[in-house]
Amino acid sequence: MAGLASDGSSPDVSLLYDINGLAKDAPTWFDRVMEFVGEYGILLAMVLVVLWCWWSVRRQGSLSDSVTAVAGLVWAPLAAGIALLVNIPIRGFVERPRPFLDHQGLEVLVEGKTDYSFVSDHATMAMAIGVGLFVAHRKFGLAAIGLALAEGFCRVYMGVHYPTDVVGGFALGTAVALLLAPLALALLTPLVSAVAGSKLAGRLVRSRKAPAWERAEHLDIPEPRLDSGENDLAA
């Protein structure tokens, strides 16, 4: 399996040279920017999107909506971690060298990559977070998926992955985030609901702007009723 896509005439390698060739024509400062963005920047941006989504969902909609959305938000990074663990045996089985080890003339923006290439950890993690976030909130999820696609492009641009490494990472991240989502949400939703009912940690799920009747309903506190004396006054 080590010779996967090693033929220089393959579309995978041709696309690698086409995308990575953009780095040769770009100014040095732009390559440095792409190096930071592809290595750290996009993943940092995805963390900020997750936090923004969390801040938004806990202030809008009903309490049940907030619980469901926050459970999905918790699942997103967990899905990324599980996908990275699944990728470990895949890399060991395929044993695909980095493209710059088998092909000459590539503009490699990040030195020192000695592990195997298929599949891309960065692409796997980014897409797992993006799809997991989509489960929680479609608008923010689409933004995160867009960032994941940009991450994949950057990895090829930097000369550290083949395009199929990135596509494989996208497929792995998507599969883990979607296939395990029903089980994960079934386990996480009661936990998040319990947190929402806590006086100390409840603000992690629902902001203080939540209507009082929603908080009472979640805590199984009955709505206040008029006692007999008040009924007599009303009469």
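The values are calculated or read from the model by the stated rules, or taken from the named source; none is laboratory data. All values reported here derive from a predicted model rather than from experimental measurement. Cβ atoms come from the backbone with ideal geometry, glycine included; neighbour counts cover every protein chain shown.
Quick rundown of the values:
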quantity: Subset of the range 123-135 (residues that are under 28 Å from ASP65 (Cα atoms), surrounded by 24 or more Cβ atoms within 10 Å (Cβ to Cβ) and aliphatic (A, V, I, L, M)); calculated: MET125, ALA126, MET127, ALA128, ILE129, VAL131, LEU133
quantity: Inter-residue pairs, beta-carbon under 6 Å, first farther than 16 Å from ARG138 by Cα and at pLDDT 95 or above and in the range 66-83, second aromatic (Phe, Trp, Tyr) and surrounded by fewer than 21 Cβ atoms within 10 Å (Cβ to Cβ), 6+ apart; calculated: none
quantity: Test result for ILE88, over 15 Å from the mean Cα position of the chain (by Cα) and either modelled with pLDDT under 95 or not aromatic (Phe, Trp, Tyr) (or both); calculated: yes
quantity: Failed criterion for ASP65 (all others in (1) in contact with a Leu (Cβ under 7 Å, 6 or more places away or on another chain); (2) charged (D, E, K, R); (3) under 22 Å from LEU191 (Cβ atoms) hold); calculated: (1)
quantity: Filter pass, ARG98 being in contact with a Lys or Arg (Cβ under 7 Å, 6 or more places away or on another chain) and more than 22 Å from GLU151 (Cβ to Cβ); calculated: no
quantity: Residue match in the range 103-111 (condition: out of contact with any helix residue (DSSP H, G or I) (no Cβ under 7 Å at 6 or more places or on another chain) and modelled with pLDDT of 85 or more); calculated: yes
quantity: Complete set of residues in the range 46-65 that are of a type in the set (A, V, I, L, M, F, W, C), surrounded by fewer than 17 Cβ atoms within 10 Å (Cβ to Cβ) and touching a residue at least 12 places away in the same chain (Cβ under 8 Å); calculated: TRP52
quantity: Looking only at the range 172-202, and only at residues there that are in a helix (DSSP H, G or I), of a type outside the set (A, V, I, L, M, F, W, C) and free of Cβ contacts under 8 Å to residues at least 24 places away in the same chain, the one that is farthest from ALA71 (Cα to Cα); calculated: GLY202
quantity: Subset tally (residues that are under 12 Å from the mean Cα position of the chain (by Cα) and free of Cβ contacts under 8 Å to residues at least 24 places away in the same chain) for the range 35-45; calculated: 1
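Results for (1) small (Gly, Ala, Ser); (2) in contact with a Ser or Thr (Cβ under 8 Å, 6 or more places away or on another chain); (3) in a helix (DSSP H, G or I), shown as yes or no for each residue.
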site	(1), (2), (3)
VAL49	no, no, yes
GLY105	yes, no, no
THR114	no, no, no
PHE118	no, yes, no
CYS154	no, no, yes
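Table: residues versus (1) assigned to a helix (DSSP H, G or I); (2) over 30 Å from LEU101 (Cα atoms); (3) in contact with a Leu (Cβ under 7 Å, 6 or more places away or on another chain); (4) of a type outside the set (A, V, I, L, M, F, W, C).
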{"position": "TRP29", "(1), (2), (3), (4)": "yes, no, no, no"}
{"position": "VAL33", "(1), (2), (3), (4)": "yes, no, no, no"}
{"position": "LEU43", "(1), (2), (3), (4)": "yes, no, no, no"}
{"position": "MET46", "(1), (2), (3), (4)": "yes, yes, yes, no"}
{"position": "ALA69", "(1), (2), (3), (4)": "yes, yes, no, no"}
{"position": "VAL74", "(1), (2), (3), (4)": "yes, yes, yes, no"}
{"position": "LEU78", "(1), (2), (3), (4)": "yes, yes, no, no"}
{"position": "LEU84", "(1), (2), (3), (4)": "yes, no, no, no"}
